[in-house]
1. Quick one: which of ILE32, ILE53 is modelled with pLDDT under 90, in a helix (DSSP H, G or I) and not basic (Lys, Arg)?
2. Return the pair list, or none, for Cβ contacts closer than 9 Å from residues in the stretch 96-116 that are within 17 Å of THR142 (Cα to Cα) and without any contact (Cβ under 8 Å) to a residue 24 or more places away in the chain to residues that are among the aliphatic types (A, V, I, L, M) and in a loop (DSSP other than H, G, I, E, B), at least 6 apart or on different chains.
3. For the stretch 290-311, does any single residue satisfy the condition of being modelled with pLDDT under 90, in a helix (DSSP H, G or I), among the hydroxyl-bearing types (Ser, Thr, Tyr) and surrounded by 14 or more Cβ atoms within 10 Å (Cβ to Cβ)?
4. So which residues in the stretch 334-393 are under 29 Å from PRO67 (Cβ atoms) and of a type in the set (Ser, Thr, Tyr)?
5. Give the stretch 1-50 a look and list any residue that's of a type in the set (Ser, Thr, Tyr) and touching a residue at least 60 places away in the same chain (Cβ under 8 Å), or say none.
6. Could you say which residue among VAL89, VAL70, VAL163, VAL154 is more than 30 Å from PHE39 (Cα to Cα), surrounded by 21 or more Cβ atoms within 10 Å (Cβ to Cβ) and not polar (S, T, N, Q)?
7. Hey, does the stretch 329-341 have a residue that's crowded, with 17+ Cβ neighbours inside 10 Å, more than 20 Å from GLN155 (Cβ to Cβ) and in contact (Cβ under 8 Å) with a residue 24 or more places away in the chain?
8. What's the total number of residues in the stretch 127-142 that are in contact with a helix residue (DSSP H, G or I) (Cβ under 6 Å, 6 or more places away or on another chain) and surrounded by fewer than 24 Cβ atoms within 10 Å (Cβ to Cβ)?
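The values are calculated or read from the model by the stated rules, or taken from the named source; none is laboratory data. Owing to the predicted nature of the structure, the values given are computational and were not obtained by experimental measurement. Every residue, glycine among them, receives a Cβ derived from its backbone with ideal geometry; neighbour counts consider all protein chains shown.
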Amino acid sequence: MFSYLLYFSVVLALFVIGDWCGIWTRAKISSIFVVLVCFLLLFLFKIIPADIIDRAGLTVAAKWASPILVFHMGTMINLRQLLDEWRTVVTSIIGMAAAIAGILLTIPLIGREAALVSIPVINGALIATQIMTDAAVAKGLTVAAILPAVVFAVQKFVGTPVVSRAGLLEGRRLLDEFRAKKLEGVTLSASPQSAGAAGEMEVKFWQKHERAYTTNVCLFITVAGSLVSVWLGSLIKLNYSIVALVLSVILCEIGIIPAKVLDRGKASGFITMVVFAAIIPALAKISPANIATLAYYVVIVFAATLIAVFLVVCVLPFWKVMGSRSLAFGVAMCQMLGFPSTYLISNEIALALADTEEEKEYLLGKIMPRFVVAGLSSVTTLSIIVAGIFASIL
């Protein structure tokens, strides 16, 4: 008992350090990056045991936590909002397809396995990383099992300045237009987001019986849904992540389960931490000898992604879906960020450019819905499907 608690305390202490760094730097330094670097350094210098996650009792927990987290993520998807912002969703899909094509073209440089495990992580975030790490470990691919965690740690450093720059260019364009119209006596307003306003008035089944949806009930629903997803996945030979995502979206949309079900179950933070912990053991296999190889892979993967997305979204006419090259590129690159990074960047852009509260609200109304929906559709939804597909063909 003492041993389990000791190692669990060490693991949580490193997560706390990551959280504090994120808070102190106002998310300029990713908490995820800090946690992974701390673990890597402690593994390299043999300060903590390579099997610390197992000694903390998290190895088994991570196996059942993963489908639970995917099921929960499905309840975060607002289909009405995605339909309202269909142009954003289409541009996100185009950006993801461009990234996939770009990384596949690097196979002669980094190899098939490295390319395949990197693609879903570039398209997504934690759950895609965990799926690809597990798939590579199952195949006995040592370096390929490490690469998803490294790409995951670095992607926000690459994606944040790119999306921020694109957003600033779009913000300046919008602000120039707003001010020019203001001089003509016309006040522009951001397009209203209906988000299915009429549909939101409908009282769903779970709302009618809200008192029955206690913490334990929400946890049971999530676990039961995950169980069914894993069973169906094995039955139809499809990765459980795809099944869990589709099933939870359907059940949430028809009103049987509440949105963000794990939040109501007061367990989303813990489950996310457990799933995150599942990718830590891969870092213990990194040695000074393969750091250079991993760095080379990472540079190639991100360079290929940026070039491919830029060419497809900005040079080819696909940018016309959004009506602006800068906005289209920013939306396409949100696949590297997701919420809340897209929300924070939108706020930073508005604060940096606007001189008045009116200008700020206009910029937020124009940029924030696009960036947030782009991250939601790619990171939360489509990347899980991509990970399920690539894990099966690795």
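1. So the residue among ILE32, ILE53 that is modelled with pLDDT under 90, in a helix (DSSP H, G or I) and not basic (Lys, Arg) is ILE32.
2. Every condition considered, the pairs that remain are ARG112/LEU394.
3. yes
4. SER341, THR342, TYR343, SER377, SER378, THR380, THR381, SER383, SER392
5. Result: SER30, single match.
6. After ruling out the rest, the residue left standing is VAL89.
7. Among the residues of the stretch 329-341, not one is crowded, with 17+ Cβ neighbours inside 10 Å, more than 20 Å from GLN155 (Cβ to Cβ) and in contact (Cβ under 8 Å) with a residue 24 or more places away in the chain, which makes the answer no.
8. Selection size over the stretch 127-142: 2.
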